[in-house]
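What follows is calculated from the coordinates using simple rules that are stated; it is not laboratory data. Treat the numbers as computed from the prediction; the structure is a model and nothing was measured. When we count neighbours, we look across all protein chains shown, and the Cβ atoms used for this are built from the backbone with ideal geometry, even at glycine.
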Amino acid sequence: MAINYQKEMGSVLEGQRPEQTLTFESGNEMAAMAAAQINYHIMGYFPITPSTEVAQYLDAMKSRGEHDIVLIPADGEHGSAGICYGAATAGARVFNATSANGFLYMLEQLPVQSGTRFPMVMNLVTRAISGPLDIRGDHSDLYYGLNIGWPILLARTPQAVYDMNIMALRLAEHKDVRLPVLVAYDGFFTSHQKRRVQYFTDRTVVQNFVGPRNTSYPHALDPKNPITIGPYMNDPDLINNNYQQSEAIYRAGEVYLEIMEAYKALSGREYPILDLYRMDDAKVALFLLNSAAETAKDVVDKLRAKGIKAGVISPNMIRPFPAKEIREALANVKAVLVGERADSYGGHGANLTHEIKSALQDDKANKTIVLSRIFGVGGKDFFMDDAEAFFQMAIDAMEKGYAEKPFDYYGHTPGNPEITMKRVLEPLYGDAFKSGLITVTPNEDTGKLHVKIPPLRSLTKKPKRIASGHGACPGCGIFPGLEMFFKGIEGDIVALFQTGCAMVVTTGYPYSSHKQTYIHNLFQNGAPTLSGVVEAFHELKRRGEIEVADDFTFVMVTGDGGMDIGMGPAIGTALRNHKMIILEYDNEGYMNTGSQLSYSTPLGHMTSTSNVGKAQQGKLFHHKDTPQIMAATNIPYVFTGTESYPQDLLKKAAKAQWYAQNVGMVYGKILIACPLNWKSPDELGGEIVGDAVNSCFFPLYEVENGVTTITFDPDEKGKRVPVSEWLKSLGKSKHMLKPENSELLAAFQAEVDRRWSILKAKHENPLL
């Protein structure tokens, strides 16, 4: 449906405003829409909930040929920030979106971009910072961005997300600003909820408003004008640089007003520095960011009907901080409550509370009482009743002339002993996890281990490491794969799980499915964290400060792309050769965030960020060979395995334990089925991963003390099948079997054959 808006005020166009389309969309969809209409050059990205959808929508649009943005899937948010910065130094228009710990992971590089004055636009879809892990929306990530030197715009609605993304680029590239700009909106509240929105039907309207790319400043791709970017500086050079940046960000506030007025004339929508709702004569007010302010406005109307002069202040821009506008808005207000979805621990109030108090100090006549409340942490809902409670606190302070409790949390509870984490099963340890039926013997002549395992039925009495009751999808291959591996491990373990499906579905507070000690840390930090545990154990044991009958086996479980973002730290851990096992379950994607491509996703396979359409046929590059990468670090043992070949996996688990307890680090990779995102039958997981082995896409082998041994050869067994036999069971890759994609299938088959030939050569020659 398209609607026309008549000219109501001075417009950049004569006559009617440009045509706009009315629809119902979410904030993430509108961020993607704005980016696609602008047609940025580059987006470096890494999936993290709830911002992931922005890249997903853009990839789907790219597959349909709707924009030309080069979408670059990074190995982590730190990498995505580097991609964006590099593209910005080249003079390109650059876009990104992130959330929560992903924002923190790239935080190191964000002041570099603002300090060297290269524009870009990034959407921060706000989410709680862990730990513990919580994926819902608050502002704890946003508050880390207050000091990075980026102008920050706030979008309360999906409409504002679209509009502010358009204004943000024009602001970033303005000759008097030249800074990267952040657009922040609430995770799940704004990012996923669909609302009535309007967008320009013709993308050229957006492109004309943004204007041509600013080419007035030097960039890295001009051979006639070579430049040095980010030089080393001493005093007083750095303070001068910082002063210039400070002046630029204050100018951004002035420039924003000019851009806002121009956009108002074009669209009919305006976003002043402060959104003031019924503040003309307000005596009590709430200061709230983003979506919570919309809820509070309904309460203002309710209180006004009772004769209470209430109002709401919500900023559309917080960097530069609108001190002057806040002083003016609060000039006659008796009490204001500042509600913040994040704390500044130990600061007796969060960041904006203190900035508001500081602003008011410059108005000696102002006597406004300022209350601070931390609320909505971890995405806790904010209802009208909560806004009424906030107003009542402000009213009480106004009537008393002071605030009895200037700072507090709101919405916290004393806790219910009935729902605390309770031990359901008696602890199992030591001999409980020992079958006594597995033997591992070093062979001094071959330098390899000889493993003897019993028939599988003999190990069925051995208890599972993970209790039933977890929330995995039907047919999930993670836990059959893990439990088969753990059957080969004797005695106690300490397990660390990186963020991912296996972590999320087994530890939903106040429940846990783990029978032995479990630790969580984020993707990139798992291996270093467990290496610290390992070394602490051995040192405590050496000093006689801990008593254990047997050594633990330390196992880090990773998956869902964890060996992308966590690859560097894992290699560092391998080079240090800590006595531990890294076990990767490979489901060929970032499944816990919605099936985005990972570097282990095969060529051509469809994910939510490698869509299939007329302009794109799935993933554009080959899968990463993680076992070979880890073998190159010269750790004592590397292996691959699947549940489809259980005896093979059990033997490798036993070897892994021996090496991890006696020599050093082990890396293992097990292929597991993900029926939901592979689009395959739930009950065929074992058969499908078996076909992956028989096609040689996922060969079974080990690298023991540098010597490669293929442990199952489909050629010798007469079980070799083409990769098409494996792909036909997967909905995510059936398009590869169509005649028009024969070249894609041939390229995939050729790469599988090439890697298999190299592996066979290594198997036949111990020196390779």
- [ ] Using 0.36 nm per residue of separation minus the Cα-Cα distance, give me the extension gain between E547 and L238 in nm, one decimal.
- [x] 105.9 nm
Task: Per-peptide average of other Cβ atoms within 10 Å, ordering 149-156, 350-357 highest first - done: 149-156, 350-357
TODO: State the extension gain, in nm to one decimal, for the chain segment bounded by A90 and A389, taking 0.36 nm per residue of separation less the distance between their alpha-carbons.
DONE: 102.5 nm
- [ ] Report relative contact order for the chain in percent, whole number only (criteria: Cα-Cα under 8 Å, sequence separation at least 6).
- [x] 10 percent
Task: Under 5 Å, built H, 5+ apart or other chain: amide partners of A467 - done: H514, K515
Open item on the list: At a 10 angstrom cut-off on C-beta neighbours, averaged per residue, how do the peptides 213-221, 328-336 rank from highest to lowest?
Closed with: 328-336, 213-221
TODO: Rank by packing, highest mean first: peptides 141-147, 80-86, 667-673, with packing defined as the count of other Cβ atoms within 10 Å averaged across residues.
DONE: 667-673, 80-86, 141-147
- [ ] Pop a pseudo-label 7 angstrom from the Cα along the beta-carbon direction at both E258 and H348 and give the gap in nm to one decimal.
- [x] 4.2 nm
- [ ] Using the Karplus curve 6.51 cos²θ - 1.76 cosθ + 1.60 with θ = phi - 60°, work out ³J(HN,Hα) for each residue of the stretch 532-549 in order, rounded to whole Hz, and write x for Gly and Pro.
- [x] x, 4, 4, 5, 5, 4, 5, 6, 4, 5, 4, 7, x, 9, 9, 10, 9, 5
- [ ] Describe numerically, in nm with one decimal, the distance between label points set 7 Å from Cα along Cα→Cβ at V663 and at L767.
- [x] 2.1 nm
Task: Among A220, G131, N208 - extreme Cα towards positive end, dipole of the stretch 128-268, charges at beta-carbon - done: N208
Task: Length released on extending from H219 to R278, taking residue separation times 0.36 nm less the Cα-Cα span - done: 16.5 nm
TODO: Could I get the Rg over Rh figure for the stretch 28-178? Both from C-alpha atoms, Rh via Kirkwood, rounded to two places.
DONE: 0.93
TODO: Calculate how steeply helix 567-576 sits against the longest principal axis of the alpha-carbon atoms of the chain, using the helix alpha-carbon long axis, and give the answer as 0 to 90 degrees to the nearest 10.
DONE: 50 degrees
Task: Cross-link table K224/K614; K357/K400; K464/K651, entries beyond 28 Å C-alpha to C-alpha - done: K224/K614
Task: R0 of 41 Å, Cβ-Cβ distance A747-S435: FRET efficiency to nearest 0.05 - done: 0.35
Task: Integer Hz, Karplus 6.51/-1.76/1.60 couplings in order for the stretch 368-385, x for Gly and Pro - done: 4, 7, 10, 10, 10, 9, 8, 9, x, 5, x, x, 4, 4, 10, 9, 4, 4
Task: Other-chain or far-sequence residues with amide H under 5 Å of E584's (modelled H) - done: T558, G668, K669, I670
Task: Separation in nanometres of the label points that stand 7 Å from Cα toward Cβ, at E399 and R754 - done: 7.8 nm
- [ ] Round to the nearest 10 and give me the degree value, 0 to 90, for the angle of helix 646-662's Cα axis relative to the longest principal axis of the chain.
- [x] 80 degrees
Open item on the list: Give me the mean projected area, in nm² to one decimal, of the convex hull enclosing the Cα positions of the chain.
Closed with: 39.8 nm²
Task: Amide proton proximity set for R93, modelled H, under 5 Å, gap of 5+ - done: H41, I42
- [ ] Would you compute, from DSSP H runs of 4+ residues alone, the mean residue ellipticity of the chain at 222 nm, taking -39500 (n - 2.57) per run and dividing by the full residue count, rounded to the nearest 500?
- [x] -10500 deg cm²/dmol
- [ ] Net charge near G706: determine it from the other residues with C-beta under 13 Å of the C-beta of G706, scoring Lys and Arg +1 and Asp and Glu -1.
- [x] 0
TODO: Tabulate in residue order the Karplus-calculated ³J(HN,Hα) for the stretch 75-92, using 6.51 cos²θ - 1.76 cosθ + 1.60 with θ = phi - 60°, rounded to whole Hz; enter x for Gly and Pro.
DONE: 8, x, 5, 4, x, 5, 5, x, 4, 5, 5, x, 5, 5, 5, 7, x, 7
Task: Length-normalised contact order for the stretch 275-409 - Cα pairs under 8 Å, 6+ apart - percent - done: 29 percent
